[in-house]
Structures are given as C-alpha cells and as structure tokens.
Amino acid sequence: MYIAFEGIDNCGKSTQIKLLYNYFKNNTELKVGKIKEPSNSSIGKFILEFLKSDEALSDTNKEITSLLFSADRLTQKSKILRYKNNPDNLLISDRSYISSICYQSNNHINTSWIEQLNKYIPQPDLTLLLRIPVDMSIQRSSQDTAYETRKQLKRIQNNYLHYAMNHNHTYIVNGAQARKTIHKNIKKIIKKYTQNEYNNGGMIRQ
C-alpha cells in the first residue's frame with residue numbers, strides 16, 4: 001500500500017508521517033517504509049535549491065520545476081512499486097505528483113500537461129490532505145521556498161481542495177487540531193479504507 005501526505009507548506013506532514021510510521025512499525029507486521037519529495041538524489045537536491053529563488057514562480061520556471069520533479073520521481077519508482085504491489089508492505093510518502101498539480105498548475109500551465117509528465121509514475125492508493133488555515137502556515141513559515149507567501153499559499157490551497165473534490169481516495173484531514181487528534185483521525189481513515197479494499201477483493205491487510 002502506498003499512502004501520500006499532501007498539503008500546503010507547514011501543514012504538519014512531517015509530524016504526522018513520523019507518528020504513523022512509528023505506529024505501524026510497532027503495532028503491525030507490515031514492512032513499513034518512507035520516502036519524500038524532493039528525494040535525496042542529485043535531482044532532488046537541485047530542486048530544493050531551485051525553489052528558494054523568487055524566479056521559481058515564473059511560468060517558465062514552473063514548467064522546468066514540473067519536469068524536474070517528474071524526473072526525480074522516476075528515481076523512486078522501483079521502490080514505490082515494491083511497496084505498492086505487496087500486501088505486506090506499507091510506504092508512506094511526504095508528497096507525490098499531486099503536489100506538482102497543486103503547486104505548479106495555473107492559467108498558463110495546464111493540469112493535464114503535468115499529469116502527462118507523470119503518466120508512468122505510480123499513483124498513491126490513498127492520499128491524506130492536511131488542511132490548515134493559510135495564516136497558520138505563514139506563522140510557522142521559515143521562508144524556505146518562494147511559495148511561502150499568502151498569495152501563493154491561498155492559490156495552492158484552493159488547488160488542493162479542488163483536487164480532493166474530484167478524486168477518489170483523497171481525504172481532507174483537519175490539520176489545525178492537536179497532533180494526537182490528527183493522528184487518531186488519520187488512523188480511522190486508513191482503517192476504513194483498508195477494510196473497504198479488503199471487502200472489495202483488494203490485497204491490503206494488516
């Protein structure tokens with residue numbers, strides 16, 4: 001099973017991924033793994049530096065960023081497939097191709113183009129979208145990327161909400177609550193999802 005955490009910057013993904021990873025590691029027989037985007041590959045490291053520049057927000061550079069992220073995802077494709085296709089494995093990802101759709105798409109860059117770039121990238125079985133107020137993200141921000149402004153975060157948040165409304169297996173989680181409450185709610189969503197998959201003849205088991 002392949003689970004992806006999504007959301008605007010500073011929404012608490014890292015904390016919830018750590019809690020979920022430790023929970024499954026200590027309480028199930030599943031082989032549990034983690035990945036993140038950008039990766040630690042040379043491409044991923046270049047992306048991290050590239051995103052710090054205000055120039056990353058131009059339409060042309062957003063196209064370049066989309067291409068770089070697509071290439072970076074290919075470096076993790078084999079690992080994703082090992083987990084995704086094995087009922088005894090669980091892979092938890094900090095972001096996925098959905099981030100490219102919500103961060104890079106705008107009136108100039110079509111969502112379908114980004115989807116085409118990621119055509120051969122495995123899609124998450126389950127996506128957990130942590131939703132927090134934009135002001136909360138700003139308060140937590142260390143300005144690591146050019147996207148961490150109120151204008152950009154509002155645009156990205158709206159893109160995420162639009163995506164969630166139009167895609168199955170994408171669940172919105174209130175990320176403004178206490179971290180233990182969020183963790184509890186996430187476990188409930190995963191339990192419900194895995195039970196439904198099992199009842200429908202899926203391969204997931206815990």
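Before moving on, here are some points about what is shown:
- Here is the figure for segment 110-150: residues that are in a loop (DSSP other than H, G, I, E, B), at negative phi and of a type outside the set (A, V, I, L, M) total 16.
- Unique match (being more than 22 Å from L48 (Cα to Cα) and touching a residue at least 60 places away in the same chain (Cβ under 8 Å)) among L128, L161: L128
- Selection within segment 116-167 - over 22 Å from N185 (Cα atoms) and of a type in the set (D, E): D135, D144, E148
- For segment 2-12, the set of residues classified as more than 15 Å from I121 (Cα to Cα) and crowded, with 23+ Cβ neighbours inside 10 Å consists of F5, E6, G7, I8, C11, listed by residue number.
- Selection status of L153, at pLDDT 95 or above and under 17 Å from K34 (Cβ atoms): no
- Selection status of R95, of a type in the set (D, E, K, R), over 21 Å from L153 (Cβ atoms) and touching a helix residue (DSSP H, G or I) at 6+ places or on another chain (Cβ under 8 Å): no
- Residues being surrounded by fewer than 16 Cβ atoms within 10 Å (Cβ to Cβ) and in contact with a helix residue (DSSP H, G or I) (Cβ under 7 Å, 6 or more places away or on another chain) - total across segment 139-154: 2
- Selection within segment 86-125 - closer than 30 Å to K31 by Cα and free of Cβ contacts under 8 Å to residues at least 24 places away in the same chain: E115, K119
- Among residues of segment 17-74 being in contact (Cβ under 8 Å) with a residue 60 or more places away in the chain, more than 29 Å from I190 (Cα to Cα) and surrounded by 14 or more Cβ atoms within 10 Å (Cβ to Cβ), the one that is nearest to the chain's Cα centre (by Cα) is L51.
- T170 meets each of the listed conditions (1) over 29 Å from D59 (Cα atoms); (2) modelled with pLDDT of 95 or more; (3) among the polar types (S, T, N, Q) apart from (1).
The values are calculated or read from the model by the stated rules, or taken from the named source; none is laboratory data. Quantities reported herein were computed from a predicted structural model and do not represent experimental measurements. Neighbour counts run over all protein chains shown; Cβ positions are idealised from the backbone, glycine included.
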